[in-house]
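Colleague: Handing you a structure now.
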Amino acid sequence: MSRTSSIGDSAELEGNLTLSDRLKVFKNSHFDPNAFVTSKCQTMNEKEIRHLCSNLVDLKKASAEEMRKSVYANYAAFIRTSREISDLEGQLISMRNFLSTQAALVHGLSEHARIDSLWAASEDSIADDHLSNLDEGELSESEDWLIELLDNFEVLLAERRVEEAMQALEKGEELATESRKKHSFSPTALVTLETAIRNQRQKLAYQLAEAISQPSTRGQELRSAVLALKNLGDAPCAHTLLLNSHHQKLKSSLPSLRSSNSSCGRAYTVALSQIVFSTIAQAASDSLAVYGEEPAYTSELVTWAVRETEAFAFLLKRHVLALSAASGGLRVVAECIHICMGHCSLLEARGLSLAPVLLRLFKPIIEQAVNANLKKIEEISAALAAADDWLLIYPPAGGRPFSSSASLSSAMASQPKLSSSANRFNSMIQDFLEDVGPLESLQLDGSALGGVLQVFNSYVNLLMRALPSSSETEESLEGSGSKIVRIAETESQQLALLANASLLADDLLPYAAMKLLPLPPRMDEQPKRSSERQSRLPEQREWKKKLQRSVDRLRDSFCRQHALDLIFTENGDTHLNAYIYTSLDDNVEEPEWFPSPILQELFMKLTRMASIATDMFIGRERFATVLLMRLTETVILWLSDDQTFWEEIEEGPKPLGPLGLQQLYLDMEFVLLFSSQGRYLSRNLHQVIKNIIARAIDAVAASGVDPYSTLPEDDWFAEVAQIAIKMLTGKANFGNVERDATSPTASMSAKSVSSIVSHGSN
């Protein structure tokens with residue numbers, strides 16, 4: 001046990017450390033992986049080893065994410081440094097060639113310093129003398145070959161025979177090197193050769209650069225030209241020209257693309273995305289074929305690809321996404337971005353991961369479309385609520401054909417019944433989440449669920465405004481504004497409001513939200529998507545609780561308004577006051593024992609609502625039970641907390657007497673009995689009723705009267721309450737029942753049932 005706790009404490013301590021602190025142990029130059037694993041696993045059982053493996057995997061992911069952030073944070077500086085290094089390498093190569101030429105000149109001058117007039121003359125006179133020697137036929141065999149080589153250079157360049165020109169340059173350089181060692185050429189001939197090689201190399205480089213820049217140069221021809229320019233010693237310029245060539249080809253294809261697909265956003269997106277990412281893929285292939293995986297050129301390729309991706313995103317937003325997002329066309333936006341992400345993902349096989357770039361660029365436009373769509377849902381729901389008759393109906397069939405009336409009836413039976421505005425609200429939310437679902441890589445589930453919660457709260461506010469007498473509390477409803485809502489006049493319509501909210505919050509919206517979860521992985525896939533699915537489940541459970549809290553607001557408002565209608569009169573007086581009980585002891589005759597009128601009305605209201613809820617909340621009986629429970633509690637809690645009522649009972653000029661106590665006791669037992677039989681008696685309600693009875697007994701005892709000497713047995717209260725329930729529900733039948741003289745019904749039969757009913761209805 002101590003070992004397990006120590007491991008748990010260690011894991012908790014590591015969990016509180018920052019990532020850099022947790023990585024320090026791995027940065028040590030003397031770090032031994034085997035010793036580290038042994039120290040961690042030597043005393044662990046299988047469960048603890050699995051936990052450690054899980055922690056290591058999380059640490060690996062966090063480390064990779066930290067590295068990625070570090071690379072992106074310093075990427076611009078890295079690219080700039082790489083370019084400067086590449087430029088410096090090119091300059092060094094040029095300087096080396098220049099120094100070699102200068103060294104050859106110095107060497108030639110030092111070897112032939114004895115030649116008088118030839119070396120003292122100018123370069124023009126040297127060339128003239130050399131040409132005169134050529135005319136006179138005084139050339140050696142090597143110098144004769146030099147003349148032929150120079151002429152061959154010119155021919156090869158004119159005919160654009162690049163490979164042969166490269167071979168000729170190589171032979172010329174080999175000849176110049178050999179001449180410097182063996183002195184096979186005169187100094188003048190050697191200078192002429194090296195100057196010719198340098199000039200021809202420059203001409204060939206210009207020719208290759210021009211060929212690379214031509215739109216018609218493609219495929220293997222383009223790669224050969226880039227490779228040749230690279231071999232000439234100008235690799236950085238060759239790579240830049242290669243990328244610029246692909247950029248120009250892409251740029252030249254855009255005007256015709258816009259004109260041919262301007263009428264269809266999806267077609268334009270498919271065509272543009274295919275062209276852009278296929279061009280990037282081709283550029284990556286060409287770069288890899290010529291330069292391999294050299295870091296400097298790979299970095300330049302990535303920078304170029306990011307720049308092209310940003311330009312692509314700008315075009316797509318300007319021509320397709322901006323207008324659709326502003327108008328709430330989430331489906332169009334989502335479909336277009338899904339197409340782009342699909343083409344982009346194909347580049348990952350070539351080592352280019354541009355998805356983060358697209359996510360960063362498209363996320364604002366997606367959020368704009370989401371917000372516009374949610375606002376549209378809210379406005380449509382408000383407009384429909386103004387004309388809703390609050391009658392539950394099946395949703396429209398949507399034009400789907402049914403083979404028979406039996407299939408139609410079975411399909412209708414499986415569909416939930418909602419009012420017209422709720423049906424429309426549900427269908428819009430279903431469509432909204434279905435549109436957002438394919439974009440799970442954008443991690444929009446949080447904002448999408450938050451938006452659904454917001455519009456659901458707005459719809460619940462509309463339902464609260466539909467309750468009678470809601471005008472007094474409508475100012476406190478968030479987002480209610482000046483929206484007009486049709487009032488639910490009948491109890492059936494008011495319960496339909498609750499049915500709408502509860503069915504949406506408990507079943508329909510959570511089911512629709514499952515579309516935002518990643519699909520379960522196949523057997524041959526990695527468990528990454530499964531872990532993502534599991535990680536999002538707690539968020540959705542918390543989201544569902546928030547939906548239910550919004551329904552609770554509507555239910556509490558429903559119970560509060562019905563309780564106020566029961567307790568208060570139109571003039572502001574109360575039906576449930578102390579006078580009902582304190583006035584009974586002024587009567588000479590014993591009263592007719594029957595529950596008080598307000599509690600009779602409460603019972604009848606609850607009975608009607610229970611009957612309606614039986615048909616309305618099929619499969620969700622618990623919600624109906626909780627509703628009846630809360631309504632009963634609201635009335636009884638008001639009685640328990642009414643200070644004016646208890647002041648008159650305990651300290652008023654006419655204190656509570658034995659008969660008033662008996663009536664109050666009967667009322668509370670009546671509530672206990674019908675709520676127990678209806679199965680909506682809560683522990684809280686039971687305790688509140690017991691407290692009321694105890695407080696009333698204490699009030700009578702405080703006046704000097706022994707309350708227990710006047711109160712009947714508990715069975716008496718139960719029997720009277722049961723008779724009242726039967727009479728109020730029309731199930732009473734006293735015609736053939738013989739009663740004992742001590743039975744409470746004896747007095748009832750003596751005074752006639754009709755008088756009791758008359759008393760109960762007053």
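Colleague: Tell me the carbon and sulfur percent of the accessible area for segment 240-374, rounded to whole percent, probe radius 1.4 Å. The partial results should precede the final answer.
Modeller: Details: 3310 of 5800 Å².
Ligands and nucleic acids excluded, carbon and sulfur reach 57 percent.
Colleague: If you stretched the chain out fully between Glu539 and Arg218, how much longer would it get, using 0.36 nm times the residue separation minus the C-alpha to C-alpha distance? Show your work: numbers first, answer last.
Modeller: Details: separation 321, 0.36 × 321 = 115.56 nm, distance 5.20 nm.
The span from Glu539 to Arg218 would gain 110.4 nm if fully extended.
Colleague: Using the Cβ atoms and a cut-off under 10 Å, what net charge is assigned to the surroundings of Gly451, where Lys and Arg are +1 and Asp and Glu are -1?
Modeller: Overall, the nearby charge balance is -1.
Colleague: Something else about it: Which whole-number percent gives the relative contact order of segment 565-636, counting Cα pairs below 8 Å spaced six or more residues apart? Provide the component values of the computation, followed by the final result.
Modeller: Values: 26 pairs, mean separation 17.5, N = 72.
RCO, segment 565-636: 24 percent.
Colleague: Regarding segment 201-250, what is the average projected area of its C-alpha convex hull, in nm²?
Modeller: Numbers: hull surface 11.4 nm².
Its Cα hull, projected and averaged over all orientations, spans 2.9 nm².
Colleague: Can you pull the accessible area of Ile612 for me, 1.4 Å probe, Å² to the nearest 10?
Modeller: Its heavy atoms expose roughly 50 Å² to the probe.
Colleague: How much length would be gained if the chain were fully extended between Phe36 and Asp641, taking 0.36 nm per residue of separation minus their Cα-Cα distance, in nm to one decimal? Please report the intermediate quantities before stating the final value.
Modeller: Details: separation 605, 0.36 × 605 = 217.80 nm, distance 6.61 nm.
Computed gain between Phe36 and Asp641 is 211.2 nm.
Colleague: Still on this model: How large is the convex hull of the Cα atoms of segment 228-317 per residue, expressed in Å³ as a whole number? Please list the in-between numbers first.
Modeller: On the way: hull volume 7.5 nm³, N = 90.
Residue-normalised Cα hull volume stands at 83 Å³.
Colleague: Compute the distance from the alpha-carbon center of segment 679-717 to that of segment 352-382, in whole Å.
Modeller: Rounded to whole Å, the Cα centres lie 62 Å apart.
Colleague: Just to confirm a number: summing +1 for Lys and Arg and -1 for Asp and Glu over residues other than Leu288 whose beta-carbon lies under 13 angstrom from that of Leu288, what do you get?
Modeller: On the way: positive: Arg223, Arg350; negative: Asp286, Glu293, Glu294, Glu300.
For residues surrounding Leu288, the net value is -2.
Colleague: Here's another thing I want to ask about it. Could you rank the peptides 213-219, 276-282, 291-297 by their average count of other C-beta atoms within 10 Å per residue, with the highest value first?
Modeller: Details: 213-219: 12.1, 276-282: 20.1, 291-297: 15.4.
Taking the mean over residues of other Cβ atoms within 10 Å, the ranking is 276-282, 291-297, 213-219.
Colleague: Follow-up question, since we're still on this one. Counting Lys +1, Arg +1, Asp -1, Glu -1, what net charge surrounds Thr279 among other residues with beta carbon under 13 Å of its beta carbon?
Modeller: Values: positive: Arg218, Lys249, Lys251, Arg307, Arg350; negative: Asp286, Glu308.
The answer is +3.
Colleague: Determine the distance separating the Cα centre of segment 578-636 from the Cα centre of segment 502-517; give it in Å without decimals.
Modeller: So the two Cα centres are separated by 35 Å.
Colleague: Let me ask something else about it. If you place +1 on the Cβ of every Lys and Arg and -1 on the Cβ of every Asp and Glu, how big does the dipole about the Cα centre of segment 571-636 come out, in debye to the nearest 20? Present the calculation step by step, with values, prior to reporting the outcome.
Modeller: On the way: 5 positive and 10 negative charges, 146 e Å.
Roughly 700 debye for segment 571-636.
Colleague: Give me, ordered by chain and number, the residues 5 or more places off Ile393 or on other chains with an amide H under 5 Å from its own placed amide H.
Modeller: Residues meeting the amide H criterion: Leu418, Ser419.
Colleague: While we're here: Among 487-493, 427-433, how do they line up from the highest to the lowest mean number of other beta-carbon atoms within 10 Å? Let's see the in-between values first.
Modeller: Values: 487-493: 16.6, 427-433: 18.7.
Order by mean packing, descending: 427-433, 487-493.
Colleague: Regarding segment 677-721, what are the three Cα extents along the principal axes, ordered largest first, in Å?
Modeller: 39, 23, 9 Å, listed from the longest principal axis down.
Colleague: Still on this structure: In nm, what is the difference between 0.36 nm times the number of residues separating Ala326 and Ser70 and their Cα-Cα distance?
Modeller: Numbers: separation 256, 0.36 × 256 = 92.16 nm, distance 3.53 nm.
Contour length minus Cα-Cα distance gives 88.6 nm.
Colleague: While we're looking at this one, here's another question. So with the 1.4 Å probe, I'd like the accessible area per residue for segment 245-369, rounded to whole Å².
Modeller: 44
Colleague: While we're looking at this one, here's another question. What per residue convex hull volume, in Å³, comes out for segment 540-651 when only alpha-carbon positions are used?
Modeller: Numbers: hull volume 15.4 nm³, N = 112.
Spread over its residues, the Cα hull of segment 540-651 gives 138 Å³ apiece.
The values are calculated or read from the model by the stated rules, or taken from the named source; none is laboratory data. Given the structure is predicted, the values throughout are model-derived calculations rather than measurements. Quick reminder, even Gly has a Cβ in these numbers, built from the backbone with ideal geometry, and neighbours come from all protein chains shown. Side chains are part of the model used for accessible areas, which takes the heavy atoms of the whole protein and leaves out ligands, DNA and RNA. Shrake-Rupley method; radii C 1.70, N 1.55, O 1.52, S 1.80 Å.
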